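*Asks:* Handing you a structure now.
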Amino acid sequence: MIPIEYWLIFSSLLFVVGAYGVLTRKNAIVVLMSIEVMLNAANINLVTFSSYHTALHGTNDASGQVFTLFSIAIAAAEVAVGLAILLSVYRRYQTIDVDKINILRW
Amino acid sequence: MNGSIVRGLAVLAMALLFIGAIMSVDWPSGDIDQTTNERVGQTLFGVSSDSGYGVVVLLIGLLLLVAIMGGIFLAKEEAE
């Protein structure tokens, strides 16, 4: 049995790695991948706390795991639209550097 | 370059904050490996006709369809 602290620390580190990628990288695809890593950290937390709740209270409720499935599906939809937007941006500006795509800034 | 170091340090501070907060809690011991796939399936689709998340699964499928259609529309090459 792995204690809950290990899972929480693992998901925290995963989140931090994703946040570092979002904050430092300029390539929009890498930023999108980093956002996915952060989302997966949240998913690990959902599964961990759902299992922990089951272990503590004996309710045998798997809602956290089910919500994780929904979260993964929504992440897939997000990636589909995000990649399409990046493709469209590259066609127009010949770059996906997030520092150079400033059309939405004001 | 300097900004990258500052961001790295900020992220490191965030990691230490997370780990410190987690370790400061006295978690009651519990075996977290008990949930089975069968239980996940029962929660997802329900054990009777009026329980579970079957409608949500259908809506998620619709969302994925709309997302992929939107993606195709956005990525489509414009006519010359």
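Nothing in this text is a laboratory measurement; each read-out follows from the coordinates by a stated rule. On a predicted model such as this, the values are computed, not experimentally measured, just so you know. Here Cβ is always computed from backbone atoms with ideal geometry, including for glycine, and neighbour counts include all displayed protein chains.
*Asks:* Across peptide A:73-85, how many C-beta atoms of other chains are within 10 Å of each residue C-beta, on average?
*Replies:* Averaged over the peptide's residues, the number is 5.
*Asks:* Going by the alpha-carbon gyration tensor, a ≥ b ≥ c the square roots of its eigenvalues, is the stretch A:4-93 rounded (a/c under 1.5) or, if a/c is not under 1.5, prolate (a/b greater than b/c) versus oblate?
*Replies:* In terms of gyration-tensor shape, oblate.
*Asks:* Residue by residue through B:58-69, how many Cβ atoms from other chains fall within 10 Å of the Cβ on average?
*Replies:* Average neighbour count from other chains, rounded to a whole number: 3.
*Asks:* According to the square roots a ≥ b ≥ c of the eigenvalues of the Cα gyration tensor, what is the shape class of the protein assembly as shown, taking rounded for a/c under 1.5, prolate for a/b larger than b/c otherwise, and oblate for the remainder?
*Replies:* oblate
*Asks:* A further question on this structure: Go ahead and estimate [θ] at 222 nm for chain A from helices alone: -39,500 (n - 2.57) per DSSP H run with n ≥ 4, summed, over the residue count, rounded to 500.
*Replies:* Here the helix-only value at 222 nm equals -27500 deg cm²/dmol.
*Asks:* Something else about it: Could you work out [θ]222 nm for chain B from helices alone, using -39500 (n - 2.57) per DSSP H run of at least four and dividing by all its residues? Round to the nearest 500 deg cm²/dmol.
*Replies:* Taking each H run of at least 4 residues, the total per residue is -23000 deg cm²/dmol.
*Asks:* For A:57-66, what's the mean count of beta carbons from other chains sitting within 10 Å of each residue's beta carbon?
*Replies:* 5
*Asks:* In percent, how large is the relative contact order of chain A, given Cα pairs closer than 8 Å and 6 or more residues apart?
*Replies:* Once normalised by length, the contact order is 26 percent.
*Asks:* Based on the alpha-carbon gyration tensor of chain B and its eigenvalue square roots a ≥ b ≥ c, which shape applies: rounded if a/c is under 1.5, prolate if not and a/b is larger than b/c, or oblate?
*Replies:* Oblate shape, in that a/c is at least 1.5 and b/c is the bigger or equal ratio.
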